[in-house]
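The values are calculated or read from the model by the stated rules, or taken from the named source; none is laboratory data. Every value quoted in this text rests on a predicted model; they were computed, and no experiment measured them. Note that each Cβ is placed from the backbone with ideal geometry, even for glycine, and that neighbours are counted across all protein chains shown. Calculation scope for accessible area: heavy atoms of the full protein, side chains included, ligands and nucleic acids excluded. Shrake-Rupley method; radii C 1.70, N 1.55, O 1.52, S 1.80 Å.
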Amino acid sequence: MNQILPIIVLVCLLCSCGTSNDIQYVLANDSYRCEEFDVTKEKMLRLINRARMSSRNCGYKIFTPAGQLTWNPTLARAALSHSVDMATEDFVSHKGSKGKAVSYRVEEVSYTWSTVGENISAGREDSEEVVAAWLISPHHCENIMRQSFTEIGAACFHNKDTKYKTFWTVVFASPKEEVKSTTLQ
């Protein structure tokens, strides 16, 4: 029970975040051993934007430089939710423990998207190692280089009682353009 309590506390905080874009962390016992959230935020954004600055081969596909991404705290909440799910249930998959995809998780935090994608990783200890692994994986590299993505949010969650210990998620997306209605007068 002592090992489950920190995870329950964090999940309760996640559920109570409501529509606020602020992520609250409670560091209880030994449950969180990833980089500090602000460090992950800064490093992921910097490393992924640096990769997007140059042309790149992702497997057999060639990508030209892509625009800079901006940080979105709502997407970070969706990323944290998936990292917590993987760490709590001890699995690594783009489908959540209830079979839901990234699109569902993003909609669950009230983000209206036009395009969405996700990279995950497990067992790596810092952002540099995670992004380096994604850049040599064709599908993950494609997500990093995809021109249609304009925003990201990322998170890591640690569970010492699992095979991989650290569970990383980055969510890429572009918001859906709101259709502006006009009234004829």
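Give all pairs with beta carbons closer than 7 Å in which a residue from region 30-57 that is more than 19 Å from Glu118 (Cβ to Cβ) meets a residue that is open to solvent by 80 Å² or more (accessible area, probe 1.4 Å) and at pLDDT 95 or above; count only pairs at least 6 apart in sequence or on separate chains.
As it stands, the answer is Ser55/Ile62; Ser55/Thr64, since those pairs meet every condition given.
Looking at region 90-112, I want the residues that are more than 20 Å from Trp71 (Cβ to Cβ) and have a partner that is aliphatic (A, V, I, L, M) and in a loop (DSSP other than H, G, I, E, B) with Cβ atoms under 7 Å, at least 6 apart or on another chain. Which pairs are those?
His94/Ala101; Lys95/Ala101
Conditions: (1) at pLDDT 95 or above; (2) small (Gly, Ala, Ser); (3) outside any helix (DSSP H, G or I). Ser103 meets all but one. Number of the miss?
(3)
Among the residues of region 133-165, count how many are at pLDDT below 95 and touching a Lys or Arg at 6+ places or on another chain (Cβ under 6 Å).
So the answer is 1.
Would you confirm whether any residue within region 126-136 is assigned to a strand (DSSP E or B) and open to solvent by less than 10 Å² (accessible area, probe 1.4 Å)?
no
Restricting the search to region 65-89, which residues are more than 15 Å from the chain's Cα centre (by Cα) and either under 25 Å from Ser110 (Cβ atoms) or without any contact (Cβ under 8 Å) to a residue 24 or more places away in the chain (or both)?
As a first pass, look at region 65-89 and keep what is more than 15 Å from the chain's Cα centre (by Cα): 65-68, 88-89.
Across region 65-89, the qualifying residues are Pro65, Gly67, Gln68, Thr88, Glu89.
If only one of Ser97, Ser54 is part of a loop (DSSP other than H, G, I, E, B), at pLDDT below 95, open to solvent by 40 Å² or more (accessible area, probe 1.4 Å) and out of contact with any His (no Cβ under 7 Å at 6 or more places or on another chain), which one is it?
Every option except Ser97 fails the conditions.
Would you confirm whether or not region 125-142 contains a residue that is more than 18 Å from Phe167 (Cβ to Cβ) and either among the charged types (D, E, K, R) or in contact with a Phe, Trp or Tyr (Cβ under 6 Å, 6 or more places away or on another chain) (or both)?
The answer is yes, given that some residue of region 125-142 is more than 18 Å from Phe167 (Cβ to Cβ) and either among the charged types (D, E, K, R) or in contact with a Phe, Trp or Tyr (Cβ under 6 Å, 6 or more places away or on another chain) (or both).
Restricting the search to region 153-165, which residues are over 22 Å from Tyr111 (Cα atoms) and buried (at least 24 other Cβ atoms within 10 Å of the Cβ)?
Passing the criteria: only Asn159.
Within region 60-104, can you find the residues that are touching a Pro at 6+ places or on another chain (Cβ under 9 Å) and of a type in the set (Ser, Thr, Tyr)? Break it down into steps so the answer makes sense when it comes.
First, the residues of region 60-104 that are touching a Pro at 6+ places or on another chain (Cβ under 9 Å): 60-61, 72.
Within region 60-104, Tyr60 is the sole residue that qualifies.
Do you know which residues across region 29-51 are of a type in the set (Gly, Ala, Ser) and either under 14 Å from Ala155 (Cα atoms) or buried (at least 20 other Cβ atoms within 10 Å of the Cβ) (or both)?
Looking only at region 29-51, we keep the residues that are of a type in the set (Gly, Ala, Ser), and these are 31, 51.
Once the filter is applied, which keeps residues that are of a type in the set (Gly, Ala, Ser) and either under 14 Å from Ala155 (Cα atoms) or buried (at least 20 other Cβ atoms within 10 Å of the Cβ) (or both), region 29-51 yields only Ser31.
Test Ser148 against the stated conditions and say whether it is surrounded by fewer than 22 Cβ atoms within 10 Å (Cβ to Cβ) and closer than 24 Å to Arg33 by Cβ.
Judged against the criteria, Ser148 is not a match.
Among the residues of region 73-84, is there at least one that is in contact with a Lys or Arg (Cβ under 7 Å, 6 or more places away or on another chain), under 16 Å from Ile144 (Cβ atoms) and either at pLDDT below 95 or open to solvent by less than 60 Å² (accessible area, probe 1.4 Å) (or both)?
no
Find the residue count for region 85-107, including only residues that are closer than 20 Å to Pro73 by Cβ and touching a strand residue (DSSP E or B) at 6+ places or on another chain (Cβ under 8 Å).
5
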